[in-house]
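Notes follow the structure.
The values are calculated or read from the model by the stated rules, or taken from the named source; none is laboratory data. Because the structure is a prediction, the values reported are computed rather than measured. Cβ placement follows ideal geometry from the backbone for every residue including glycine, while neighbour counts extend to all protein chains displayed. Areas reflect the complete protein model, heavy atoms only, side chains present, ligands, DNA and RNA absent. Shrake-Rupley method; radii C 1.70, N 1.55, O 1.52, S 1.80 Å.
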Amino acid sequence: MNHRTAAGLLLFLAWGISSATAQPTGAEPVGRRIYVPIEDLDAVLDHDQQGILLPRAEFLKLHADAKKQVGDTQPSPHAVVVSKASYAARSVDNQIVVSATIELNHLAHGWQTVTLPFSGLAVEGATLDDKPAEIGRAGTEGRPLVAFIRQPGRHTLKLELSGALVNVGSDQVAAFGLPRIAAASFQITVLAGKHLQVADVPLERPSPDDQPAAYSIPVGGQSSLSLRFTDRRTKQESASLVFAGTAIGLYVAPEERTWRAVTSLNVFGKPIDTLTFTVPKSLEIVSVESSGLERWEIGDGAEGNTTTLKLVYRQPFNETRSVTFSGVSASVLGQAWSVPTLSLASATSHLVRVLVQYPAALRLHEVEATGIRRVAADDAATAESPVAAETLVRAGAGQVLHYAAWREKFSLLFVTQPRARELQATIATRIDIASHELSLRASVVAHTRFAALFDFDLALPVDWTVTDVVVDNKPVAWRVIPVGAEVNQLRVTFNPPIPAGGKVNLNLAARMIPVENLPIEDQPLTVKLPEVTLPQVGVTDGRYMIAADEDLDLVPEDVAGLDPARLSTAEQAAPGAPRLVYEYQDTHFGGTVRVTRKPVRVAAQTVAVHRLDRETLVSHLEARIVVQGGGLQKLQVALPESAGTNLRFSLLEPPNEPQAQVPRITEQTSVPPADGQRFWTLQLDQRAFGLVWLAVDLT
């Protein structure tokens, strides 16, 4: 076979292996022939890194054998096969640390999961093929460990696990659950003078008593393992080890407390069929739920203030089991009460977590805490603690307190007190000053916390008369409650009341007509700044605005408790924008505003049109007047004495301002002539501004 043919066979072989499963049995692989010059063959071999040169006949024979083997081999029913496991344990202080090495064979494609039901052990570290492993906890009972694997092939999962060593007399006991793996071994070294018992069966010590001993225990197919480290060789009387973890949830209401406890049990050694719990007599148990439970009985405890709960199961068990208790107890505001405890007779270890819920309208004052401490929410939500979600008696109940107890008969006392209602409000007050009256508008947005709001009070000076009250754009009923010689208090009642956490929008309108210096002409008017107060509100943010007609000047005097503020560009450009703007917060303010009329500035242009007849002279006179400043309500004009008194003045509509409001002349009077002129006074029905067009005809 020459080199050119060998190179072609090499490339054909590389393609043929990848497509072997796509060919019919016995068929020759179909592919593309590529001929590579002998001088370029090294580049192909270096690129593939691996491969062999075969004669074509031998390649076809291997291809047919591979096809036959693939067809005869049945696929595995398991995506991942756990082949064996080895455990190496050691004791550190009051803990047992287990290094687990588990060999896996990934037979499928894509992501697969492996469930490893370790119980009673916390995960300290995990690697897959010496790289960080992707693991988690399942949400099922016992919360088994779940490993995620993606790449097919053989893998090695290494776990670092830790569990508690419980002191039982002078001995130390450890018990935990293991995954059922057919080939598994457990190695542990004990200190000199110590002996090891597995499931209460003493093992022969492989070393003298004065030396450390290395034990190797076959645990293939076992789902649990209990170890006892003792100074004695004999078998202990205790045949069952019960490890318990309880999560207690309590919801505190003004008149009662709802209690729930979820206890997770791990039983090792001799199976048991009865459990005896103890609760305070003040707690009334309403239900007990557990898998396999036949009945539960209530009895009097050895202490006069306790109640026993005896749980009888249909069959003995020595695996993981959970029990859920529900109960209620009465509550009296202002009196101390304790969180009901739950104790388990003959428990080897019992860890307790407590979760206290109460609505925002209540205040809980901690009086005593013995054998228990408060923990942060992040510390309470650990993976190894009892499932806390089941202890939430009421979802979204407001405040939550977390505790961890190191004694099952702990003492945690509280006093429940109603929380005072808190009101927060923002208020915007606007004062509009006109020549004849003053008006006030107040817009209030109130937020209530901790309690519902049934009515709302506003107070303002007695000089102001309330004209309208609107709540959420709807008129409401209100009444005035006199509270002093200078202040009236308005009370608005809500039906239905505003719930705790809600808000309400309220608008108030009032007016005042001062008895002096109105309308504002020559004498200035001094206005005391009215303050709208909210007696029930604890926190107030306010804005105070003062606006006036264009013909009036405003000068603030002795203003205290108000901070000047600026309007935005859009607010300044809006029609009727206020002249003075202030802000305040939780303060009482005061001061006055001096209101004066602006000086009048008048410019005039006269036009005269005459027609001379044989015996008479007819004249039409016009005065085009521009009024600025404070405006005019009286207009004085002078005419020749020869014009007489039989005249009628009129105000015309300016031709370029057809929509302008033209004042009317209500009265015209004249005085005796002097120096050949007669002066006329024209009284207008309203103050004139801008362009005023006066006309009169003379004959």
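Here are the numbers for the structure shown:
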| item | result |
| --- | --- |
| Too-long pairs where the Cα-Cα distance tops 19 Å, listed order kept, from K84/K194; K194/K270; K84/K270; K281/K409; K84/K158 | K84/K194; K194/K270; K84/K270 |
| Exposure rule at most 12 other beta-carbon atoms within 10 Å, DSSP loop chymotrypsin sites (Phe, Trp or Tyr not before Pro): the chain longest free segment | 112-405 |
| Å³ per residue enclosed by the Cα convex hull of segment 421-491 | 110 |
| Distance between segment 187-260 and segment 421-489 - C-alpha centres, whole angstrom | 72 |
| Whole-number Å³ per residue for the convex hull built on Cα positions in segment 559-664 | 184 |
| Other-chain or far-sequence residues with amide H under 5 Å of V367's (modelled H) | L413, F414, V415 |
| Positive-end residue, segment 229-319 charge dipole about Cα centroid, Cβ charges, pick of G292, G269, A253 | G269 |
| Assigned charges on the beta-carbon of Lys, Arg, Asp, Glu; segment 227-335 dipole about Cα centre (debye) | 540 |
| Per-residue [θ]222 nm for the chain (sum of -39500 (n - 2.57) over DSSP H runs n ≥ 4, rounded to 500) | -2000 deg cm²/dmol |
| The chain - Kirkwood radius from inverse mean 1/r over Cα pairs (Å) | 36.9 |
| Dipole magnitude (debye, nearest 20) for the chain, charges at Cβ of Lys, Arg, Asp, Glu | 1960 |
| Among V602, P578, F589 - extreme Cα towards positive end, dipole of segment 539-665, charges at beta-carbon | V602 |
| Rg over Rh [alpha-carbon atoms, Kirkwood Rh] for segment 213-355 | 1.06 |
| Whole-percent pair-distance distribution, where bins are 5 Å wide, for the alpha carbons of segment 516-599 | 3, 12, 22, 20, 18, 14, 7, 2, 1, 0 |
| Solvent-accessible area per residue for the chain (1.4 angstrom probe, square angstrom) | 55 |
| Prolate/oblate/rounded call for segment 140-293, Cα gyration tensor, a/c under 1.5 rounded | oblate |
| Rounded, prolate or oblate (a/c below 1.5 giving rounded, otherwise prolate when a/b exceeds b/c) for segment 604-679 by Cα gyration tensor | oblate |
| Selected from F454, L639, L698, residue furthest toward positive end of dipole (the chain; charges at beta carbon) | F454 |
| Cα centroid separation, segment 574-605 to segment 129-150 (Å) | 73 |
